[in-house]
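Have a look at the structure below before the remarks.
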Amino acid sequence: MSNSSSLNEFLLLAFADTRELQLLHFSLFLGLYLAALLGNGLIIIAVACDHRLHTPMYFFLLNLSLLDIGTISTTVPKSMANSLWDTRAISYSGCAAQVFLVFFLLTGEYSVLTVMAYDRYVAICRPLHYGTIMGSRACVKMAAAAWGTSFLYSVMHTVNTFSIPLCQDNTVDQFFCEVPQILKLSCSDSYLREVGLLVVSLCLVFGCFIFIVLSYVQIFTAVLRIPSEQGRNKAFSTCLPHLAVVSLFVSTIIFAYLKPPSISSPAMDLVVSVLYALVPPTLNPLIYSMRNKELKDALRKVISWTF
């Protein structure tokens, strides 16, 4: 095929060839998908309905849950449908939509996690100014900036990726349309533009990561100065879940895009993509609710209302 304009569809990576394994893949992904929807949905309802949770920390947690639901809904349902109907096809427009949404939602999630680190820093290191710095208007502006920046960033990536001539094949070695796999189909040097954009992206990722690390260095320094053990435990209970979520998210993303070519293989790429596309949205609600008494109480109320 001569160029990307002649492409009507892409072929995604099949998890299995036999019908039994295809149905097993469908069942496993369905279980993870429902768990992610249930966990994040309960957090959204709890934060929205419980007035005690109408604080900046839980406002950003609500945004994170919305992004988690969007992330897993972008990739998993199509993969499940392909296994169920024994097909690999995804339309050209569907692939472009996946690229746009994956970048939009993952970038939004990372931006919100960075803002949440700043929120914890202000709450613990500058408590007397917390109400002024993290007022409702400021929180809305931060969330809007995170979503807006992610939208523009994803438009830039999507337009740049699909303006590159593709002529090698239409087979994407991944269970969703992932940019590095699409770039392998390029037949010209113009793919270097997207590679350059990915390098800039990684610089931004490391910049935000350094900001988060420095925030937590100051947070833990301040927490260790708290005289009472109860105060230290309360401070840690609001920080450690966020730090665990950041570590899980950043480690899987960085490994996916920076792993050495010597260990790169279709199987390894598949495992890593499952880690960053499925595991964080599924585990985030559990991580945040484990040591958070206020959130656990609110979730119990929601569950009691539901059942």
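Of everything in region 42-76 that is of a type outside the set (A, V, I, L, M, F, W, C) and over 21 Å from the mean Cα position of the chain (by Cα), the residue that is most open to solvent (accessible area, probe 1.4 Å) is His51. When every residue of region 19-41 is checked against the conditions, none turns out to be surrounded by 21 or more Cβ atoms within 10 Å (Cβ to Cβ) and over 20 Å from the mean Cα position of the chain (by Cα).
Quick one: in region 153-174, of everything that is among the hydrophobic types (A, V, I, L, M, F, W, C) and not in a strand (DSSP E or B), which residue is surrounded by the fewest Cβ atoms within 10 Å (Cβ to Cβ)? Of everything passing the filter in region 153-174, Val159 is surrounded by the fewest Cβ atoms within 10 Å (Cβ to Cβ).
Find the residue count for region 131-146, including only residues that are open to solvent by 50 Å² or more (accessible area, probe 1.4 Å) and farther than 15 Å from Ser111 by Cα. Working first, answer last.
So the first thing to find is which residues in region 131-146 are open to solvent by 50 Å² or more (accessible area, probe 1.4 Å), and the list is 131-132, 136-137, 140-141, 144-145.
With farther than 15 Å from Ser111 by Cα added as a condition, the list becomes 131-132, 136-137.
Total meeting the criteria: 4.
In region 113-127 there is at least one residue matching the filter, namely being at pLDDT below 90 and either farther than 24 Å from Gly207 by Cβ or open to solvent by 60 Å² or more (accessible area, probe 1.4 Å) (or both). In region 45-69, the residues that are free of Cβ contacts under 8 Å to residues at least 60 places away in the same chain and hydrophobic (A, V, I, L, M, F, W, C) form Cβ pairs under 9 Å with partners that are open to solvent by 40 Å² or more (accessible area, probe 1.4 Å) and not in a helix (DSSP H, G or I), at six or more places apart or across chains, as follows: Ala48/His54. Among the residues of region 219-245, those identified as polar (S, T, N, Q) and surrounded by fewer than 14 Cβ atoms within 10 Å (Cβ to Cβ) are Thr221, Ser228, Gln230, Asn233.
The values are calculated or read from the model by the stated rules, or taken from the named source; none is laboratory data. On a predicted model such as this, the values are computed, not experimentally measured, just so you know. Neighbour counts are summed over all protein chains in view; Cβ atoms, including those assigned to glycine, are modelled from backbone coordinates with ideal geometry. The accessibility values were calculated without ligands, DNA or RNA, using every heavy atom of the protein model including side chains. Shrake-Rupley method; radii C 1.70, N 1.55, O 1.52, S 1.80 Å.
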